Amino acid sequence: MSATAPRRLENLQTDKGKVPVYATGIIDQPWDDYGEEDHATWAVLYERQRDVLKGRACDEFLAAQDAMGMSPDRIPKFAELNEVLSKATGWTLIGVEGLLPELDFFDHLANRRFPVTWWIRRPDQVDYIEEPDLFHDLFGHVPLLMIPVFADYMEAYGRGGVKAHAIGPDALQNLTRLYWYTVEFGLIRQQDGLRIYGSGIVSSKGESIHCLESDAPNRIGFDLERIMRTRYRIDTFQKTYFVIDGFEQLMEATGPDFTPIYGKLETLESIPAGTVLESDRVFHRGTGEGWETGGDV
Ligand code: PHE
Ligand code: FE
C-alpha cells in the first residue's frame, strides 16, 4: 500500500507545457507514511540505476553517493542524510511538495538548502515520470552536493537566479538553459572517456544509456553563451549534450557577472536543440535518428 499521493494544488498551462503547482512551504518528511510499495519502488529504482551507472556516471558521483550512505533497503531519511551532507559541504535538504516557483527555488539554493520532493512515483512510473519526485531529487541531485566545487556552483547558481529574476524573463530563460544543460543533463570528460553527471540523466535508465551510447544525439564541448542560447526538450531525450572537462570549469566559466552577457544575448537568435554550429567543439555529431521536429522549449 502507498500512502503518499502528492498534494498538487493545480496544473498551470505555461509556455513549457502543463506545470504542476504545489504548496511552497517546507514540510517534515512524513517518513512513517511511506508504504511497502513506496520502499519497494525506491529499491527497484536504486538497484537498477546503480547497476546502469557503473562505468557511465562519473566516479565522483558514484563515490559521493556511497559516502552519503543511501541504500536500497528503504527510502532514506532526510534527517540522516543531512548529518552527512551538512558536515561535508554545509548543505541541508528540505522537504517540499514538488516544483517550486522559480524565486523560492533560487532563494533556497542561494542559502544552501536543497528542496527534495517528499513523495515517490508509483510503480507504473519507474521508467518515466514527467515531474521530479523523491527518486529524481534524492538519487539524482543530492550526491553532487557532497562535492565541494559543485556545492559552491549550486549556491552561486541560486544567487544568479535571484539576480536574473530581477533582470527579466529573457535573462531567466538564459539561466534556465544553463541549469538544464549542466545540472540536469550534463556530461563530463573523464580520463577514460565521457561520463554522466546530470541529474535528469542519472535518474533515468533509458537516457543513461542513450546519452553515451546512441549515435543520435550531439555531444558538444561546454560553451557558456552557446548553452544559454540553446533551446531544449522536456518530453524526449535531449538532442544535444554538453560536455565539461571538470567541475572546476563550471565554476570558472560562471564566475563573471552575467549582466552584460544577458544584454548581448538579447540581440541573438536562440539555437534549436539539435543544431551543430561551425564554432562547436564536437565530440560526436548526432545522426538525428528518431528526432521529432518542433517541440523545443
Ligand atoms: N555569475 C552569474 C551571474 O552573475 C551567477 C551564476 C553563478 C550563475 C554560477 C550560474 C552559475 O549572474
Ligand atoms: Fe531536477
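The values are calculated or read from the model by the stated rules, or taken from the named source; none is laboratory data. Note that the structure is a prediction, hence the values are computed from the model and not measured. Neighbour counts run over all protein chains shown; Cβ positions are idealised from the backbone, glycine included. SASA here: full protein model, heavy atoms, side chains in, ligands and nucleic acids out. Shrake-Rupley method; radii C 1.70, N 1.55, O 1.52, S 1.80 Å.
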Quiz item: Considering region 79-135 alone, what residues qualify as being farther than 30 Å from Gly168 by Cα, in contact with a Pro (Cβ under 7 Å, 6 or more places away or on another chain) and in a loop (DSSP other than H, G, I, E, B)?
Solution: Trp118, Trp119
Quiz prompt | Residue among Glu131, Glu102 that is touching a Leu at 6+ places or on another chain (Cβ under 8 Å), open to solvent by 10 Å² or more (accessible area, probe 1.4 Å), touching a residue at least 40 places away in the same chain (Cβ under 8 Å) and within 13 Å of ligand 2 (Cβ to nearest atom) | solution = Glu131
Self-check item: Close pairs from region 157-176: first over 18 Å from Arg112 (Cα atoms) and part of a helix (DSSP H, G or I), partner more than 16 Å from ligand 2 (Cβ to nearest atom) and among the charged types (D, E, K, R), Cβ under 6 Å, at least 6 apart
Solution: Asp170/Glu266
Exercise. Report, by residue number, each residue of region 148-201 that is hydroxyl-bearing (Ser, Thr, Tyr) and within 13 Å of ligand 1 (Cβ to nearest atom).
Key: Tyr153, Tyr157, Thr176, Tyr179, Tyr181, Thr182
Practice problem: Please work out which residue is most open to solvent (accessible area, probe 1.4 Å), limiting yourself to region 23-33 and to residues that are charged (D, E, K, R) and touching a residue at least 12 places away in the same chain (Cβ under 8 Å). | Solution: Asp28
Self-check item: Pick from region 34-55, criterion open to solvent by 50 Å² or more (accessible area, probe 1.4 Å) and of a type in the set (D, E, K, R), ranking: farthest from the chain's Cα centre (by Cα)
Solution: Glu36
Quiz item: Does any residue of region 83-95 turn out to be within 16 Å of ligand 1 (Cβ to nearest atom) and in contact (Cβ under 8 Å) with a residue 60 or more places away in the chain?
Solution: yes
Quiz item: If we scan region 141-154, do we find a residue that is at pLDDT below 95 and open to solvent by 10 Å² or more (accessible area, probe 1.4 Å)?
Solution: no
Quiz prompt | Any hit, region 167-175, residues being within 16 Å of ligand 2 (Cβ to nearest atom), open to solvent by less than 10 Å² (accessible area, probe 1.4 Å) and within 30 Å of Thr267 (Cα to Cα) | solution = yes
Quiz item: Looking only at region 105-128, which residues are open to solvent by 10 Å² or more (accessible area, probe 1.4 Å), in contact with a strand residue (DSSP E or B) (Cβ under 7 Å, 6 or more places away or on another chain) and more than 11 Å from ligand 2 (Cβ to nearest atom)?
Solution: His108, Arg112, Arg113
